[in-house]
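First comes the structure, then the notes that go with it.
Taken together, the values in this text are just the output of simple stated rules run on the coordinates, not laboratory data. Worth saying up front: this structure is predicted, and the values here are computed from it rather than measured. Here Cβ is always computed from backbone atoms with ideal geometry, including for glycine, and neighbour counts include all displayed protein chains.
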């Protein structure tokens, strides 16, 4: 399976879990009348959206781990889009339940198929209105008032009985009428543009609270997906295949004296830096003890990881030192190396 197909499957996993969580929320509200999604803390923190978003991210996380995929940035865009769509679906269904009354509640919970049609109809024919239809009466009145037909269709006054004078007068009046039409048309466009800008500003001010609420809920619902995305992207992966590495095994050796530990680590590092990774593993496995005891002061750990597609092996080496009752990493002795040949513990 190629990388693009894996990304698509992960997106489908995330969408399926999001639809399931969103549908469950709406069903619980239709059954018990409790709005869980709109629950907030400190008046503005969308706690309900954050909690449900984290639950819906389980599908994305599970799909990535099962397929060993390090998701691409396109998955992040898809995750945000799915979150926005789920918030819109929940709000539309809740508003339809509110408008429909008890009859709509009974219809929504009648059966699974009926509930599915209810959710679909709520999204396609949503009763949610965040941008009301403007009343066009004033615009029509202004359009009639500024209609260029009145000027263009005005009767041209004639003067006297001299045809030449009347022709000249008619030509001058026609030219003036044409100029008035141009000016009137320009004025109409400017007036309509100003009214449009004023209308947009008025609507944005009226519905700003609803837009802000939707934005906060969408952001809250997206937090779970963003956290899962960042977590999976931080895991060890193969740079060529863009797949997560599988753990093949790990071994830890314990030392009681710093001199023994130093000698073992020096021998390991010499071979590891010369790309003799298998030999370095064997040299360390013959040193120290394989069980932790009260006398242990130092420990060294070798972990072998594998890319299941290109079969590249990775060796990770780390050291720890006991300080009191806690073990702390010694970053100075860290090492990571890749090998095209198989690595194993012997």
Listed with the fewest Cβ neighbours within 10 Å leading, 51, 304 appear as 51, 304
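Please give the FRET efficiency for residue 329 paired with residue 8, using the beta carbon to beta carbon distance and R0 = 35 Å, rounded to the nearest 0.05.
Values: r = 38 Å, r/R0 = 1.10.
Efficiency, from the Cβ-Cβ distance: 0.35.
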Between residue 260 and residue 28, how high is the FRET efficiency from 1/(1 + (r/R0)^6) when r is the Cβ-Cβ distance and R₀ = 51 Å? Nearest 0.05.
0.25
Cα convex hull volume per residue for segment 246-339 (Å³)
91 Å³
Segment 248-327 to segment 215-236: how many Å between their Cα centroids?
35 Å
Could you give the nm distance between label points at residue 336 and residue 39, where each point is 7 Å from its Cα heading toward the beta carbon?
3.9 nm
Going fewest to most other Cβ atoms within 10 Å around each Cβ, 52, 112, 312 line up as 112, 312, 52
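Would you please give the FRET efficiency between residue 123 and residue 310, computed as 1/(1 + (r/R0)^6) with r the Cβ-Cβ distance and R0 = 51 Å, to the nearest 0.05?
Details: r = 43 Å, r/R0 = 0.84.
That gives a FRET efficiency of 0.75.
Full extension from residue 76 to residue 269: what is 0.36 nm times the residue separation minus their Cα-Cα distance, to one decimal in nm?
Length difference between fully extended and current span is 65.5 nm.
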